[in-house]
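Contents: one structure, followed by commentary.
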Amino acid sequence: MNLLKYCYVLFALLSVVSQSAFAKDKLDVPVGISPVMSSAAMFIAKERGYFEEQGINVIINPFKASGAKMVPFLATGQLFVGGGNVNAGMYNAIANDIPIKIVSDKGTVSPGHGYLALVVRKDHVDSGRYKSFKDLKGMKMAVTAKGVSQQIVTEMYLKKVGLSLDDIELKFLAYSDINIALANKSIDASVQIEPLVAAAVDKDIAVRVAGDDEIYPNQQSAAIYYSPIFMEKHPEQAKGFMVAYVKGLRDYNDAFEKNKGKEDIIKILTKHTRIKDAAIYQKVVPVGLSPDGMVNVLSLKKDAQWYKEKGYVKALPDIDNIVDLSYAKNAVKVLGPYK
């Protein structure tokens with residue numbers, strides 16, 4: 001073997017060893033997330049290598065149902081990060097001395113961002129069985145779990161016309177199962193999430209009758225949660241994770257608010273969600289996602305009061321203590337203002 005070839009082989013071997021050592025230095029970070037559009041920033045940050053830039057290997061664990069199902073895994077550190085509905089189960093865990101924190105936005109129903117919407121079976125609309133909110137009376141309606149943000153909005157649609165949750169039959173289904181239930185007529189209506197709203201309309205399964213931004217504007221519907229184990233044992237990676245996530249939030253906003261690089265983002269979404277038809281994403285109502293990762297604390301406090309009144313939590317959650325935006329603020333400091 002001549003000297004040049006020997007040097008080349010040696011360089012290649014050193015590269016492999018170096019890459020292997022670098023890979024071992026990365027922290028595995030298990031993340032629980034639903035395969036829906038409001039999870040876009042997580043998928044973007046993973047696909048574009050933003051987590052790797054921070055020395056993190058994100059392991060995505062898809063959850064069909066709401067954030068409530070993630071609570072025990074966050075409590076034990078089997079998940080370092082979770083993303084899902086704001087829910088009473090999370091607050092109950094925190095009340096039992098498990099200091100899970102809300103650290104960033106994962107879906108705000110700001111005006112023009114009714115990505116959560118009331119859908120009603122198309123045959124009910126066509127037949128005249130459904131004409132207005134008052135016709136929800138007696139219907140079977142689905143939410144993802146008891147004591148979740150989606151249930152609050154369902155009640156608000158009913159209260160608009162003098163009805164209550166007692167006037168419907170409430171079912172509990174994962175978002176991905178709601179369209180199936182609408183199609184086989186086992187439920188009548190639901191508050192559904194994008195891109196499943198657009199898919200249900202496209203397939204003539206349901207009619208989108210109202211966006212949640214019309215009935216409850218600026219509700220903090222979903223959030224990113226940190227496990228106490230992640231924050232305590234890996235504080236630098238917890239900061240780095242948020243830097244990567246905020247970069248994903250900004251790419252999402254570039255795509256769906258400014259129409260910059262939208263096709264590339266849609267490719268990522270079709271890879272990670274159940275809707276594989278890119279054309280559906282041209283029809284969705286965009287998710288409200290803060291490019292700085294901020295959350296609506298007033299909305300969280302209002303909804304916490306609802307959980308208390310309904311008996312889903314024993315004591316009113318201390319939202320000011322539960323929300324920790326220091327990670328998001330640090331990310332903005334690192335990345336600079338969003339333009």
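Figures for the structure shown
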quantity	calculated
Residue within region 263-286 that is among the polar types (S, T, N, Q) and open to solvent by less than 60 Å² (accessible area, probe 1.4 Å) present	yes
Residue that is surrounded by the most Cβ atoms within 10 Å (Cβ to Cβ) [pool: residues in region 148-193 that are among the acidic types (Asp, Glu) and not in a helix (DSSP H, G or I)]	ASP188
Failed criterion for MET242 (all others in (1) surrounded by fewer than 24 Cβ atoms within 10 Å (Cβ to Cβ); (2) under 19 Å from the mean Cα position of the chain (by Cα) hold)	(1)
Where a residue in region 66-93 is within 23 Å of GLY240 (Cα to Cα) and its partner, wherever it lies, is open to solvent by 30 Å² or more (accessible area, probe 1.4 Å) and among the polar types (S, T, N, Q), with Cβ under 9 Å and at least six apart	MET70/ASN61; VAL71/ASN92; PHE73/ASN61; ALA75/ASN96; GLN78/ASN61; LEU79/ASN61; PHE80/GLN237
Residue among LYS302, LYS308, LYS314 that alone is among the basic types (Lys, Arg), under 18 Å from ILE152 (Cα atoms), open to solvent by 20 Å² or more (accessible area, probe 1.4 Å) and in contact (Cβ under 8 Å) with a residue 40 or more places away in the chain	LYS314
Tabulated pairs, region 143-157, first without any contact (Cβ under 8 Å) to a residue 40 or more places away in the chain, second open to solvent by less than 10 Å² (accessible area, probe 1.4 Å), C-beta under 7 angstrom, 6+ apart or interchain	GLN151/VAL143; THR154/MET141; THR154/VAL143; THR154/VAL191
Residue identified as among the hydrophobic types (A, V, I, L, M, F, W, C) and either modelled with pLDDT of 95 or more or in contact with a Lys or Arg (Cβ under 6 Å, 6 or more places away or on another chain) (or both) among ALA145, ALA200	ALA200
Residue among GLY114, GLY32, GLY128 that is under 16 Å from the mean Cα position of the chain (by Cα) and over 26 Å from ALA331 (Cβ atoms)	GLY114
Filter pass, VAL209 being buried (at least 17 other Cβ atoms within 10 Å of the Cβ), among the hydrophobic types (A, V, I, L, M, F, W, C) and under 30 Å from ARG129 (Cα atoms)	yes
Neighbours by Cβ (under 6 Å, 6+ apart or cross-chain): first from region 106-133, under 15 Å from ALA189 (Cβ atoms) and in contact (Cβ under 8 Å) with a residue 40 or more places away in the chain; second part of a strand (DSSP E or B) and basic (Lys, Arg)	ALA117/ARG208; VAL119/ARG208
Unmet requirement for ILE33, which otherwise passes all of (1) over 24 Å from VAL284 (Cα atoms); (2) modelled with pLDDT of 90 or more	(1)
All positions within region 303-336 that are farther than 12 Å from GLY293 by Cα and of a type in the set (Asp, Glu)	ASP303, GLU309, ASP318, ASP320
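Per-residue answers, yes or no, for (1) touching a residue at least 60 places away in the same chain (Cβ under 8 Å); (2) acidic (Asp, Glu); (3) touching a helix residue (DSSP H, G or I) at 6+ places or on another chain (Cβ under 7 Å); (4) farther than 14 Å from SER149 by Cα:
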site	(1), (2), (3), (4)
VAL243	yes, no, yes, yes
ASP251	yes, yes, yes, yes
THR270	no, no, yes, yes
PRO291	no, no, yes, yes
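Results for (1) at pLDDT 95 or above; (2) open to solvent by 10 Å² or more (accessible area, probe 1.4 Å); (3) of a type in the set (Ser, Thr, Tyr); (4) within 18 Å of ARG274 (Cβ to Cβ), shown as yes or no for each residue.
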residue	(1), (2), (3), (4)
LEU14	no, yes, no, no
GLN54	yes, yes, no, no
ALA65	no, yes, no, yes
ILE94	no, yes, no, no
ILE100	yes, no, no, no
VAL119	yes, no, no, yes
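The values are calculated or read from the model by the stated rules, or taken from the named source; none is laboratory data. Everything numeric here is computed off the predicted structure, so don't read it as measured data. Using ideal geometry, Cβ is built from the backbone for each residue, glycine included, and neighbour counts are taken over all protein chains shown. Heads up: the accessible areas ignore ligands, DNA and RNA and are worked out on the full protein's heavy atoms, side chains in. Shrake-Rupley method; radii C 1.70, N 1.55, O 1.52, S 1.80 Å.
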